[in-house]
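In what follows, a structure is listed as structure tokens, so that the remarks can point back to it.
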Amino acid sequence: MELHDVWFVLIAVLWTGYFFLEGFDFGVGVLTKLLARDRAERRVLINTIGPVWDGNEVWLLTAGGATFAAFPEWYATLFSGFYLPLLLILVCLIVRGVAFEYRVKRPEEKWQRNWETAIFWCSLLPAFLWGVAFGNIVRGVKIDQHFEYVGDVWDLLNPYALLGGLVTLTLFTFHGAVFTALKTVGDIRVRARKLARWVGLVATIVALAFLLWTQADSGDGKSLVAVILAVAALAAALVANQAGREGWAFALSGVTIVATVAVLFFSLFPNVMPSTLNGDWSLTVTNASSSPYTLKIMTWLAAIATPLVVLYQGWTYWVFRKRIGTQHIAPDAAH
Amino acid sequence: MDLALAPETLARWQFGITTVYHFLFVPLTISLAALTAGLQTAWVRTEKEKYLRATKFWGKLFLINIAMGVVTGIVQEFQFGMNWSDYSRFVGDIFGAPLAFEALIAFFFESTFIGLWIFGWDKLPKKIHLACIWMVSIGTILSAYFILAANSWMQHPVGYKIDKARGRAELTDFWAVLTQNTALTQAFHTLSAAFLTGGAFMVGISAYHLARKKHIREMKTSLRLGLITVAIAGLLTAVSGDTLGKVMFKQQPMKMAAAEALWDGQKPAPFSIFAYGDVEKGHNSVAIEIPGLLSFLADDNFTSYVPGINDVNKSEQQKFGPGDYRPNIPVAFWGFRWMIGFGMASFAIGLAGLWLTRKKFMLPQHLRVGEDEVPHLVLFKNQALGPKLTPWYWRIATWTMAFPLIANSWGWIFTEMGRQPWVVYGVLRTRDAVSPGVSQGEVLTSMAVFTALYAILAVVEVKLLAKYVKAGPPDLTEADLNPPTKIGGDTRDADKPMAFSY
């Protein structure tokens, strides 16, 4: 395996980590409107992800930075080509981050409600748009011989990519719902389970359609295994959720996300961004990658830092492992 | 196309706006993390409640700041790909690596441990909780270092070769990129300026409360901590700035000449305090100068030759072909002066404060009512002057808070604009770095969106800061005073409210 192949895998791992982790915190953000009935419940929801969402988001920054370093051409084409959707995602991430931090800094109900609305929309939109972006990456876009994206923003809104958006949105919401069931006590936990059932069923239908489409278009033996795994894990997650095995349900919805990302990257390889205009103009792991020297340094970095990150982020989840409920929320919101 | 709306111009404006805005929060974040960690350390060691209250107070302001620093930083990382894709293609092999290091080593550190610190008050034993804020502090400093190494490479490219076949620059020596003198001095200068910023911020807010005779115990401690920080950081900023100036003189003679509006080479060269020039004709019509000082600043020697703007322009034309290699001279000239002026003014005011608040010059013990008395500052043991002087110092110190922020902004504007027309000095021109496929409308949209969003957030953040500054240090809860002894918190009362919740 050459180093640029290693980095293709590592980038896939970083995106997987991002979607697994921020997937559930996007989902919880969406649930603040779908599940929570009152202010106290919204606070419970937000506090289930409070200590970890920031760390989760860094997986995106790392995926971005690593793509820049390992596949500069890919980074350049992707971010200049998908300009407006990315702008929307960035705006959402800015507002969302500020919303989490500032919502509780004033006691007025209106202030907090506005930030909660921001959290809902700024979780929902990126959850949808990342799917659209990856749908387009896998399907291929109009790239010319200079590796420049020459399509426009409407080209990005094709049925396949939009279906991809629905996949990530529903999967993340399901992931968030089972996470909520796992992390809360009381009434909200019961309702999270019920909601997970419905969202999970929708996610299954949407994901099945998208994954089969992908498999038919650009799949191979490996991606077929991943498709089967994704669908099986999703079905099993639904069963576990129904049985009240919340830990299992969460782990299995996580497996679904991992397998879905695997399908995308298996279909992609050895391309990183196919051109729909001419196969020779596609960005591949070889023509988009950095020099072997840079990749070697980056490999050392990844080999040392990644296990450490997983270790101390894992520890964070251990520290905050207790379930929370409305009784843990102090009645006075002001600090 | 109209030059004022050309994608390059718009992309540059956008980069300038987002960077300067981002950098209002970064220095405060870096310094307040360390200062808050210092105060919390004092609490853990002495168990004096004033330290804990001060920790909570400054910690809160730190959190309001870091929230903005983090979210505005996200834009910075993706902007290279969005607006500067040809830059990214050309230098990604080199520039991407420190960014990836920053993300994998520093960002993960910061963001993970800050979550632990915020929510960990009733979940972690005292010392482990303290370690978390130190980890955050280390993360912020590492982050600054990696990004400055990347920026320094743009100022002074080292450890690379040009691959003609692939049309890009390739890394040959990463260690050289991380440890070249530009990176080291820039990191030294930027970090000391960051502490000058945080110190002045602490002094200003403490002075505000002391002027109102509120929260005296915590604010006296904070005032002294801030003043000492200003004094040390101010000195280091000056020393490192001087070193950086000499490095810059060797590596970017044009920037130094522009900073001085020195049109033609001179030996010895004077430092100009004020200059008004004609950019087209290439000379100054008015200039007030100190003879020989520029030679000294550039080369440690009062008689050295310093090349002028016209000389460097000519030699660069010979080297790189015809063209205008002059940056915007008035911006460079005035940016350089505002940076030094505001930075050094805050240093001077801090030094004055440090001297004025010395123990033996404060109001004598027998004249104080109690420990909560704000002592008057006394000049030369002249006790009659003290009461008159004190309110003035508090007022000045409060306003001085803004000085380092202004100095920082101008410092960056100077260092980035002084390098134009190059984005990578001598290697890649800014006009060749923009995204060719991105339309004017797209850049205009994103610039409008970010500018509007940042303006709104600025209002929100300043209001919040003001609210928390006015509120002063919070009252301590039982959970604060009796932190858990084991990780995960105590199980005695499983239903008690969380010490911190969003």
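The values are calculated or read from the model by the stated rules, or taken from the named source; none is laboratory data. Quick caveat, the model's predicted, so the values are computed rather than measured. Note: ideal-geometry Cβ built from the backbone for every residue, glycine included; neighbour counts use all protein chains shown. These area figures cover heavy atoms from the full protein model, side chains too; ligands, DNA and RNA do not enter into them. Shrake-Rupley method; radii C 1.70, N 1.55, O 1.52, S 1.80 Å.
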Exercise. Compute, for B:Arg326, the solvent-accessible surface of its heavy atoms (probe 1.4 Å) with the complete set of protein chains present, and express it in square angstrom to the nearest 10.
Key: 50 Å²
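What number comes out for the charge environment of A:Leu84, summing +1 per Lys or Arg and -1 per Asp or Glu over other residues with Cβ under 15 Å away?
-3
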Quiz item: Are there any helices in chain A, counted as whole DSSP H runs, that stretch 18 Å or more along their axis by Cα and score at least -0.5 on average by Kyte-Doolittle, and if so which?
Solution: A:3-34, A:53-70, A:83-102, A:109-139, A:159-183, A:187-218, A:221-242, A:246-268, A:292-319
Quiz item: So, in Å, what gap is there between the alpha-carbon centers of segment B:398-430 and segment B:187-215?
Solution: 22 Å
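Hand me the trypsin sites (Lys or Arg not before Pro) from segment A:10-105 located in a DSSP loop with no more than 13 other Cβ atoms within 10 Å, in residue order please.
Values: sites: A:Lys33, A:Arg37, A:Arg39, A:Arg42, A:Arg43, A:Arg96, A:Arg103, A:Lys105; in loops: A:Arg37.
Taking segment A:10-105 and a limit of 13 other Cβ atoms within 10 Å, the loop trypsin sites (Lys or Arg not before Pro) found are A:Arg37.
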Practice problem: Collect residues whose amide H, placed 1.01 Å from N in the peptide plane, falls under 5 Å from the amide H of A:Thr184; neighbours closer than 5 in sequence don't count. | Solution: A:Ile324
Exercise. Kindly report, to the nearest 10 Å², the accessible surface of B:Ile273 as traced by a 1.4 Å probe over protein heavy atoms only.
Key: 90 Å²
Quiz item: Quick one: helix B:329-356 against the long Cα principal axis of chain B, what's the angle to the nearest 10°, folded into 0 to 90?
Solution: 20 degrees
Quiz item: How high is the relative contact order of segment A:191-335, in percent, counting Cα pairs under 8 Å that sit 6 or more residues apart?
Solution: 17 percent
Quiz item: Taking only DSSP H segments of four or more residues, each worth -39500 (n - 2.57), what value at 222 nm results for the protein assembly as shown once the sum is divided by all its residues, to the nearest 500 deg cm²/dmol?
Solution: -24000 deg cm²/dmol
Self-check item: Vicinal HN-Hα couplings computed from phi for segment B:247-255 (Karplus, 6.51 cos²θ - 1.76 cosθ + 1.60; Hz; Gly/Pro x)
Solution: 4, 4, 4, 6, 8, 9, x, 5, 5
Quiz item: If you build a Gaussian network model of chain A, linking Cα atoms that sit under 10 Å apart, which residue out of A:Trp111, A:Trp74, A:Trp281 swings the most?
Solution: A:Trp111
Quiz item: Between segment B:24-103 and segment A:191-260, how many Å separate their Cα centres?
Solution: 37 Å
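If Lys and Arg each add +1 and Asp and Glu each add -1, what is the summed charge of the other residues whose beta carbon sits under 9 Å from the beta carbon of B:Pro270? Walk me through the numbers before you get to the answer.
Details: positive: none; negative: B:Glu260, B:Glu289.
Charge balance in the 9 Å sphere: -2.
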Quiz prompt | Under 5 Å, built H, 5+ apart or other chain: amide partners of B:Gln266 | solution = B:Val306, B:Gly308
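Could you please put B:Met417, B:Met219 in sequence from largest to smallest accessible area, using a 1.4 Å probe? Walk me through the intermediate numbers first.
On the way: B:Met417 60, B:Met219 0 Å².
From most accessible down to least: B:Met417, B:Met219.
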Exercise. Report, by chain and number, residues whose modeled amide H sits under 5 Å from the one on B:Trp422, excluding near sequence neighbours (fewer than 5 apart, same chain).
Key: B:Thr430
Practice problem: Report, to the nearest 10°, how far helix B:7-46 tilts away from the longest principal axis of the Cα atoms in chain B, using its own Cα long axis and a range of 0 to 90°. | Solution: 30 degrees
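At the nearest 100 Å², what buried accessible area, both sides summed, do you get for B and A when the probe is 1.4 Å? Numbers along the way, then the final one.
Details: alone 23680 and 15330 Å², together 31920 Å².
Using a 1.4 Å probe, the pair buries roughly 7100 Å².
Which order do you get for B:Met154, B:Met447 if you rank them by accessible area with a 1.4 Å probe, largest at the top? Don't skip to the end; give the middle numbers.
Details: B:Met154 15, B:Met447 40 Å².
Per-residue accessible area, sorted high to low, gives B:Met447, B:Met154.
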Exercise. Could you tell me the distance between the Cα centroids of segment A:298-326 and segment A:60-81, to the nearest Å?
Key: 24 Å
Self-check item: Heavy atoms of A:Lys110 accessible to a 1.4 Å probe, total area in Å² rounded to 10
Solution: 150 Å²
Quiz item: Of A:Ile304, A:Ile94, A:Ile143, which has the largest mean-square fluctuation in a 10 Å C-alpha GNM of chain A?
Solution: A:Ile304
Self-check item: Gaussian network model of chain A, Cα within-10 Å springs - most flexible of A:Gly17, A:Gly314, A:Gly131
Solution: A:Gly314
Quiz prompt | List A:Ile137, A:Ile228, ordered by accessible area with a 1.4 Å probe, largest first | solution = A:Ile228, A:Ile137
Quiz item: Relative to the longest principal Cα axis of chain B, at what angle does helix B:181-211 sit, 0 to 90 degrees, rounded to 10?
Solution: 40 degrees
Quiz item: Once phi is turned into ³J(HN,Hα) by the Karplus curve 6.51 cos²θ - 1.76 cosθ + 1.60 with θ = phi - 60°, what whole-Hz value does each residue of segment A:273-281 show in order, with x for glycine and proline?
Solution: 7, x, 9, 8, 7, 7, x, 6, 8
